Every structure is written in structure tokens, then in C-alpha cells.
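The values are calculated or read from the model by the stated rules, or taken from the named source; none is laboratory data. What you see is a predicted model; the values in this text were computed from it and never measured. Here Cβ is always computed from backbone atoms with ideal geometry, including for glycine, and neighbour counts include all displayed protein chains.
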Amino acid sequence: ESLQREIDRFIIESTEQLEAFRLQFMVRKGSIAELFNQLKNVSPTERPVFGQLLNQLKLSAEKKYDREKKQLDTPSSSTGKKHLDLTLPGRQEYSGSEHPVQKVLGDMKQIFRSMGFTIATGPELERDSYNFDMLNFPANHPARDMQDTFFITRNDGEDNLLLRTHTSPVQIRVMLDEKPPIRVICPGKVYRNEAISARSYCVFHQLEGLYIDKHVSFSDLKATIYSFAKQMFGSTVQLRFRPSFFPFTEPSAEVDVTCYLCGGKGCRVCKKSGWLEILGCGMVHPNVLRNCSIDPDEYSGFAFGMGVDRTALLRYKIDDIRLLFENDVRMLEQFSQ
Ligand code: PHE
């Protein structure tokens, strides 16, 4: 028993110690062989038990020897150190992180939530009528060409399915479902059949806003966009409203903010103009309200739609939009804080 304990406690951390172990227990003059020699002095009745114990001892020494030799032979333990160093700092595991687009979307949602907007969603596979007709796009009107569409089914005269080209059809769904006052934002993916480049991709994210109530005016729209932009881009940001056209709003505008890389001085990102376009907006067209059984003489409202991905590119200084959709962990790992 005491010999077994000696075997167990023998520390082997180097080839020298391994050799010492072998000399002590395993050679012909070692301590186990020694006991075997004494076997003849044991009474014949006890001899088998004693012999068995000795064999066990021998086996356990051989096992330990083989195990330790293997350990010492593997390169990682060539220094012979195998004890746990509790003073080493722990290893940090990479546990995934929020995608940059989701971070920006999260900030946008938070700002509008604080202004009393709630979140509405709609399907990405949308009816042609909600994506175009109900939003006052006349049939065969060139306005449809503004958005290159992925059609899923196409039978003339029917309500076909397509991948929504903007989040505006969610406006229609909300207005068909709810009575004013309505105050919602609709974040989500949209699809366009465009040439793919560093600046545009076939799928991207928009955040739509819709506010319908009595006496809503363009100044309410301006105040909302100003408040959003100051919280999103910083209090020194300046805005520029440019007249524009959308079939579903009248009047319509596009909004630019001072480029927040150069602060309006002009740089590569804003193409020396000092401005970056962030959204389209306007007063909801009376035809759109009527299409959703809302009386335009009683109610008015505004809508806006902004891109999310370009803001993510600028904020995180990413120079190619395609990186946002490739799911390469080497890119995603950089956003783990
Ligand atoms: N749907 C428009 C687009 O995708 C943006 C927009 C939304 C404009 C709401 C006006 C009002 O370009």
C-alpha cells in the first residue's frame, strides 16, 4: 500500500524524473522487483493474494510510466510544465455581437419611440397593389420605373406578388387596419433589382414613419425630422429640405444632413458637396388616404422613409455595402463591444 502511494505521488515533469521513476520502480533491482523476491518467504496460503497485489503494483507503475512518457513527448508539454497556473488571466470567448445595421436601427427606433411612435411590420413578399397601386402609383406610369422590382408572379390584371421595393406598403397595411390617430415606424428589409456596387445592393434596410391625425402639417414633419436628426447625428447637424416627387406624398421633399465626416466642408464621401441625403418624405397624398378609407377633409398626415445601411457604413467607416450582407465573422467580430 505504501509503495502504491509512493508511485502515485511521484512527480514526473522532466525526462530526468521519468528516468528516476523507472530506476526506482521498474528495473530488476527496483523496489517492486525487490518485493517479488520476497514472495518465496510468504506462507503458501497468503502467497496468491500477495502475488496478485504485486502484479497490480507493477501494472500501475508501468501505466504511469507510459502515460507520463507520452505527455513529455508531445511538443506542447516539451517544457514539462503541466500544472494549472491560476494567476493567468482567463481566455475571452467570442460570443457573437450585434450587426452594425441592427445597432443603427436600434438607435433610430429608440429615438422615435421616445417621440411616441410604435413599431409596425409587414411582409417582405408583398402584394403589387400595396407596393404600388394603393400608394397612388398609376398603372403603367413611369413612376414604377423609379424602383426596379423583383416580381415573383406576374399575370396582367391580377394582384401579383413581389419583393417590396420600399417599406411604404406597411403604411397601407396600418391605415387599412387602424383608425387615426396613427403614429408608427416600420423598419425592415427592402429589395431592388439594381446593379450591385460598393454603394448599392439588391437588399437593404429602410425605416418608414407615418403620422396621421387632425391638423397635421408640414411643420410637424419638419420638427420631427429635425428632432430625430439632432439626436441621431449630433446637435450641430444642419438639415436641408429639397423639393422632390413621390406618387404617395404631396408636397414631397428629400432631406440632406451636413456630412458628418467633413462637417459640411466637402469630402470624398459626400462628393465634395458637404451634404448627405438621408430620407424622402412628404404629406400623405389625399388619394392614399382615400384608398384606405380615411377622409382627407378630416385627417392629414406625413410620411418619411430613410435608408439605414448607408448610415451604418458612415458611422462605422465601412467602405463597401456588400460587407454588411456577407456574414463574414472577421468583419462582424469587429463590432463586439
Ligand atoms: N418610399 C420612398 C423610397 O423608398 C421613401 C419615402 C417614404 C418618401 C415615405 C416619402 C414618404 O424612396
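Take the range 140-173 and flag every residue that is free of Cβ contacts under 8 Å to residues at least 24 places away in the same chain, within 16 Å of the ligand (Cβ to nearest atom) and more than 15 Å from TYR130 (Cβ to Cβ).
Matches in the range 140-173: PRO142, ASP145, MET146.
Consider only pairs whose beta carbons are under 8 Å apart and that are at least six residues apart or on different chains; among these, list those whose first residue lies in the range 1-19 and is in contact (Cβ under 8 Å) with a residue 40 or more places away in the chain and whose second residue is in a helix (DSSP H, G or I) and β-branched (Val, Ile, Thr).
Qualifying pairs under 8 Å: LEU3/ILE32.
Hey, can you tell me all the residues within the range 206-253 that are assigned to a helix (DSSP H, G or I) and of a type in the set (Lys, Arg)? Reasoning before the result, please.
First, the residues of the range 206-253 that are assigned to a helix (DSSP H, G or I): 218-233.
Those that are assigned to a helix (DSSP H, G or I) and of a type in the set (Lys, Arg): LYS222, LYS230.
Give ALA223, ALA195, ALA253 a once-over and let me know the one that is touching a residue at least 24 places away in the same chain (Cβ under 8 Å), among the aliphatic types (A, V, I, L, M) and either surrounded by 15 or more Cβ atoms within 10 Å (Cβ to Cβ) or more than 14 Å from the ligand (Cβ to nearest atom) (or both).
Answer to the selection: ALA253.
Just need a number here: residues in the range 256-265 that are free of Cβ contacts under 8 Å to residues at least 40 places away in the same chain, farther than 17 Å from THR224 by Cα and either within 16 Å of the ligand (Cβ to nearest atom) or surrounded by fewer than 19 Cβ atoms within 10 Å (Cβ to Cβ) (or both).
The qualifying residues number 4.
Could you pull out the residue among ARG268, ARG242 that is exposed (fewer than 15 other Cβ atoms within 10 Å of the Cβ), among the basic types (Lys, Arg) and modelled with pLDDT of 95 or more?
On the way: ARG268 fails: modelled with pLDDT of 95 or more.
After ruling out the rest, the residue left standing is ARG242.
May I ask you to list the residues in the range 174-189 that are away from the ligand (no atom under 14 Å from the Cβ) and not aliphatic (A, V, I, L, M)?
ASP177, GLU178, LYS179, PRO180, PRO181, ARG183
Within the range 286-326, count every residue that is loosely packed, with under 14 Cβ neighbours inside 10 Å, closer than 16 Å to VAL174 by Cα and either of a type in the set (D, E, K, R) or within 16 Å of the ligand (Cβ to nearest atom) (or both).
Residues flagged as loosely packed, with under 14 Cβ neighbours inside 10 Å, closer than 16 Å to VAL174 by Cα and either of a type in the set (D, E, K, R) or within 16 Å of the ligand (Cβ to nearest atom) (or both) within the range 286-326 amount to 2.
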